[in-house]
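Participant: A single structure is presented below for examination.
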Amino acid sequence: MLIKAENLSKVYGGGENKVTALHRASLEIAAGDFISIMGPSGSGKSTLLHLLSGLDFPTEGRLSYDGQDIYQLKDKELSAFRRRRIGFIFQQFHLLPVLTARENILMPLLLDKKREDKAYLEELAGLLGISGRLSHLPRELSGGQQQRVAIARALIARPDIIFADEPTGNLDSKSGGEVMRMLEKIRQKMGTALIVITHDSRIAQMAERRLVIMDGILQEGGAAR
């Protein structure tokens, strides 16, 4: 897998109200990469994530997955592409309250009309420490357990890449650290690329490659030692 973003820009408004959220950002992501993108609120982090994952379209620039420009896909094709190749983890867990943990995890497969791989689900649940919680509703789980369910849901379709937007933002430091260590362990085992958007330097330091974004400008922040 090779993702190549070339000169991505996102501009809102015009004239005196013109706001440049992202300016000519370029980035390559290969299979198994662990990259953090750090910056303060309003720096363009989430805008970049939305463009890299095809959730939004740039004002200028190109994004290709293995040579395919995904911005040229039709809406249904792009939705299917995201379901099959991209996993998302957000600060808000976005679990459906009336479904059990197991049912929440399996939702991407149901939407894509795919069968459950019971052995793979059990493996994920074991790695994330939630094997005994799959029959519970979200309200019966702690914040850390809910985020682990969200991680399992992001991984259930065996995506090429996971985009995590402030994945520990709603957790205390202990739970957040545990979740990130589990996510890193799974990344190494599954060979999935992981892109973490964060304002937390401790989370950013865990990545093998670190980028910094300020005022919409993306720069290398140094590699992990």
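The values are calculated or read from the model by the stated rules, or taken from the named source; none is laboratory data. Note that this is a predicted model, so its numbers are computed, not measured. Don't worry about glycine lacking a Cβ; one is built from the backbone with ideal geometry, like all the others, and counts go over all protein chains shown.
Participant: Do any residues in the stretch 11-27 that are outside any loop (DSSP other than H, G, I, E, B) have Cβ atoms under 6 Å from those of residues that are hydroxyl-bearing (Ser, Thr, Tyr) and surrounded by 12 or more Cβ atoms within 10 Å (Cβ to Cβ), where the two are at least six apart or on different chains, and which pairs are they?
Facilitator: Val11/Thr20; Val11/Thr59; Ala21/Thr47; Leu22/Ser9; Leu22/Thr47; His23/Ser9; Arg24/Ser9
Participant: Let me ask something additional. From Ala125, Ala152, Ala101, Ala164, which residue is surrounded by 20 or more Cβ atoms within 10 Å (Cβ to Cβ) and over 25 Å from Ala31 (Cα atoms)?
Facilitator: Step by step, each of Ala125, Ala152, Ala101, Ala164 is checked, and only Ala101 is surrounded by 20 or more Cβ atoms within 10 Å (Cβ to Cβ) and over 25 Å from Ala31 (Cα atoms).
Participant: Restricting the stretch 77-93 to residues that are surrounded by 13 or more Cβ atoms within 10 Å (Cβ to Cβ) and of a type outside the set (A, V, I, L, M, F, W, C), which is modelled with the lowest pLDDT?
Facilitator: If we filter the stretch 77-93 for residues that are surrounded by 13 or more Cβ atoms within 10 Å (Cβ to Cβ), which is where we start, we get 78-91, 93.
Still in the list and also of a type outside the set (A, V, I, L, M, F, W, C): 79, 82-85, 87, 91.
Working: Ser79: 91, Arg82: 92, Arg83: 88, Arg84: 89, Arg85: 92, Gly87: 93, Gln91: 81.
By that ranking, first place goes to Gln91.
Participant: Select from the stretch 15-71 the residues that are under 18 Å from Arg210 (Cβ atoms) and among the β-branched types (Val, Ile, Thr) and write down the one among them that is surrounded by the most Cβ atoms within 10 Å (Cβ to Cβ).
Facilitator: Here the residue is Ile37.
Participant: Please determine whether any residue of the stretch 63-81 is in contact (Cβ under 8 Å) with a residue 60 or more places away in the chain, among the hydroxyl-bearing types (Ser, Thr, Tyr) and closer than 19 Å to Gly216 by Cβ.
Facilitator: No, that holds for no residue.
Participant: I need a count of the residues in the stretch 46-94 that are within 26 Å of Leu183 (Cα to Cα), part of a helix (DSSP H, G or I) and in contact with a Ser or Thr (Cβ under 8 Å, 6 or more places away or on another chain).
Facilitator: 1
Participant: Against the condition surrounded by 13 or more Cβ atoms within 10 Å (Cβ to Cβ), at pLDDT 95 or above and not charged (D, E, K, R), how does Leu8 come out, does it pass? Break it down into steps so the answer makes sense when it comes.
Facilitator: Numbers: surrounded by 13 or more Cβ atoms within 10 Å (Cβ to Cβ): yes; at pLDDT 95 or above: yes; not charged (D, E, K, R): yes.
Taking the combined requirement at face value, the residue satisfies it.
Participant: Considering only residues that are of a type in the set (S, T, N, Q) and buried (at least 18 other Cβ atoms within 10 Å of the Cβ), look in the stretch 180-200 and name the one that is farthest from Val149 (Cα to Cα). Explain how you work it out, then say what you get.
Facilitator: Start the filter on the stretch 180-200 by keeping residues that are of a type in the set (S, T, N, Q), which leaves 188, 192, 198.
Within this subset, residues satisfying the condition of being buried (at least 18 other Cβ atoms within 10 Å of the Cβ) are 192, 198.
Working: Thr192: 17, Thr198: 20 Å.
Looking at residues that are of a type in the set (S, T, N, Q) and buried (at least 18 other Cβ atoms within 10 Å of the Cβ), I get Thr198.
Participant: Right, here's the next one. I'd like to check something: does the stretch 100-113 contain any residue that is assigned to a loop (DSSP other than H, G, I, E, B), modelled with pLDDT of 95 or more and farther than 22 Å from Ile86 by Cα?
Facilitator: Taking every residue of the stretch 100-113 in turn, at least one turns out to be assigned to a loop (DSSP other than H, G, I, E, B), modelled with pLDDT of 95 or more and farther than 22 Å from Ile86 by Cα.
Participant: Still on this structure, please answer the following. Any chance you could count how many residues in the stretch 56-68 are more than 16 Å from Ile29 (Cβ to Cβ) and of a type in the set (A, V, I, L, M, F, W, C)?
Facilitator: Selection size over the stretch 56-68: 1.
Participant: Would you be able to tell me the number of residues in the stretch 166-213 that are part of a strand (DSSP E or B) and within 14 Å of the chain's Cα centre (by Cα)?
Facilitator: Taking the stretch 166-213 first, the residues part of a strand (DSSP E or B) are 193-198, 209-213.
Applying the additional criterion that residues be within 14 Å of the chain's Cα centre (by Cα) yields 193-198.
Looking only at that region, the number is 6.
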